[in-house]
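Only the coordinates and a few stated rules stand behind these numbers; no lab work does. These figures come from a predicted structure and were not determined experimentally. Backbone-built Cβ (ideal geometry, glycine too); neighbour counts: all protein chains shown.
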Amino acid sequence: MSNHPCVVTINHQSKPRVLFSGDQLVEVDLPIGTRVIYPKPPMEPLNDVKAAIRYAVNHPENSEPLFAKLKPGMKVTIAIDDLSMPLPPMAKPDVRQQMLEVVLEMLEDYAIDDVEMVIATAFHRPMKEEEIRHIVGDRIYNAYAPDRLYNHDAELPDGMVHLGTTKEGYDVEINARAAKSDLLIYLNLTFVPMNGGFKSVGTGLAGYKTLKAHHNPGTLRKTKSYMDPNFTDKESSALASAMESIGRFINEKIDVFHIESTINNRMFAKPLDFLGKNEDDLTPMEQLGMKGLIRSLKMLPQPARQAIFEKVPAPYGVIAVHAGETEAVHKLILEKCFQQLAVPVKGQSDIVIYPIPYISPYNVGAFLNPLLVSVMAEGYLFNLHRGAPLLKKGGTIIITHPCTDKFDKEQHLAYVEFFHKLLPQTRDAMELHKRFEKEFSRNPAYIQMYRSGNAYHPTHPFYMWYWGENGRKHRNRVIVVGADNEYIPKILGYETARTMQEAIRKAKETAPQDPSITCFRICPLMLADVEVTDEDNAE
């Protein structure tokens, strides 16, 4: 067990714990003996982020300094991580803006005028003008957009270049501007260990030919944790292994210079910062604030509830910046990332409670639809571990969420057809992949919405279902507490319960006698660093 009492708590008394249930907060009574895991306190940020960036690019890892790569008249492309991370958006100035300012100043010093910036969206929705302004700043946006600052378009005619095929047979096709540049500079904001490194160019600037190499059910079934990349063990992390192969291949063809950063987990600004604390540690004033917020959210309509959390940018602090060669840089960033996020936990549990918050990487500015609820439960939250899953093989997941049948028609229209037409036919990821993915991915109306609107690519809902594949194969049951209907959970293959007590009673029906129970009390962000014991049955 962790030696930090504020991080791992054993529920010794019948004291309510406050959990997210979408954009609501609910108080639940957990059985005595329940283990409750909380995020670590935020690490102290760097004092001078700009100075750290300048130092990184002038003292890079396994690479010559950035200035040594620059020559007048060369073609430079700068790729930038999109809005899917961090969650919620970072308060200004975003670290990507600060990295851009340092890089653009250097390029100007070397009389390099042929500069374009590409938001590395892959099959994510295009970022809106105000969103791009937020991460790059008004001055840069006004100077470069829209002709020299734009979203990656994986469906742009002649907009992709096929670089070749890896030894494993993966087709490598990326953004044409990036492929034809003398230098590609990638600016990372690594929020979770799955992001950054080799994944950046090979996913963010790729299209369908390359994405299908690792965004498929077979690869994800062979990946024990998305958040614990292990390039040397393909059976442990087939996802990371495929991304590494593609990334190395790209680096052989293109001169790539990474500037990678990571941040602390200070998700909530005042007056909501008490949401990141253990209920046992709240002051009397904070306890009153929590009670008041719970009451207020119950009375507000859904858009107003979501606005309370979304409209205030998070006061994240930058805790590390490194630059240079992809692998060497990413290794250092991962060390700092795990230092902030990894909570030591001894032993797995028969029953794990995952509160589902209002936000995911795929619904910024939109409602968390039912497909994304499943992604959060069996994809992201289940996989927020290192070493072994928090849940024992064949255990039960309990989630808290209303599971409302609501989809944003601007961002997620393709999700509606996938969810209501395809999932009722089959939940088998391999069958969905073989029978429907190819035709669905070429739907001209959905592709046009992706290219000229604000929609995710039509292949994206398939990827979201695949994302939960290893969680579905590992768990036995999922029970939803607080669902406002029975239909949506049934499509997902979930059961329902009116209260947490009822859900735990149901979970115990298929659990060993006196089962172990853990509540993964997210947000802010964390991951479980699980030490397997003799009593566990981890794969």
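Annotation for LYS71 and LYS331: the two label points, set 7 Å from Cα along the Cα-Cβ direction, are 3.0 nm apart. A full extension of the chain between MET430 and ALA143 corresponds to an added length of 98.7 nm, given 0.36 nm per residue minus the alpha carbon distance. If the chain linking LYS393 and GLU486 were pulled fully straight, counting 0.36 nm for each residue of separation and taking away their Cα-Cα distance, it would gain 30.8 nm.
Averaged over residues, the count of other Cβ atoms within 10 Å places the peptides 116-127, 244-255 in the sequence 116-127, 244-255, highest first. Taking amide hydrogens as placed 1.01 Å from N in the peptide plane, the amide H of CYS519 sits under 5 Å from those of ARG35, VAL36, ILE37, ILE353, each at least 5 positions away in sequence or on another chain. Rounded to the nearest Hz, the phi-derived 3J(HN,Hα) couplings of segment 217-229 under the Karplus curve 6.51 cos²θ - 1.76 cosθ + 1.60 (θ = phi - 60°) are x, x, 5, 6, 5, 9, 10, 7, 8, 5, 9, 10, x, where x marks glycine and proline.
If R0 equals 51 Å, the separation of the Cβ atoms of VAL532 and ASP113 corresponds to a calculated FRET efficiency of about 0.35.
For segment 24-130, trypsin sites (Lys or Arg not before Pro) meeting the loop criterion (DSSP other than H, G, I, E, B) and having at most 14 other Cβ atoms within 10 Å: LYS128. Residues whose amide H lies under 5 Å from that of LEU149, counting only those 5 or more places away or on a different chain, are MET117; hydrogens are built 1.01 Å from N in the peptide plane.
Packing, taken as the mean count of other beta carbons within 10 Å per residue, orders the peptides 479-486, 61-68, 316-323, 283-290 from highest to lowest as 316-323, 479-486, 61-68, 283-290.
Tell me whether segment 130-286 comes out rounded, prolate or oblate; compute the Cα gyration tensor, take square roots of the eigenvalues as a ≥ b ≥ c, and use a/c under 1.5 as the rounded threshold.
Taking the square roots of the gyration eigenvalues as a ≥ b ≥ c, segment 130-286 is oblate.
The THR283 and ASN47 beta-carbon pair, evaluated with R₀ = 41 Å, returns a calculated FRET efficiency of approximately 0.90. Taking 7 Å steps out from each Cα toward its Cβ at ALA304 and LYS438 produces label points 5.2 nm apart.
Shown in residue order for segment 111-125 are the 3J(HN,Hα) couplings computed by the Karplus curve 6.51 cos²θ - 1.76 cosθ + 1.60 at θ = phi - 60°: 6, 9, 9, 7, 10, 10, 10, 10, 7, 7, 8, 6, 9, 6, 5 Hz (x for Gly and Pro).
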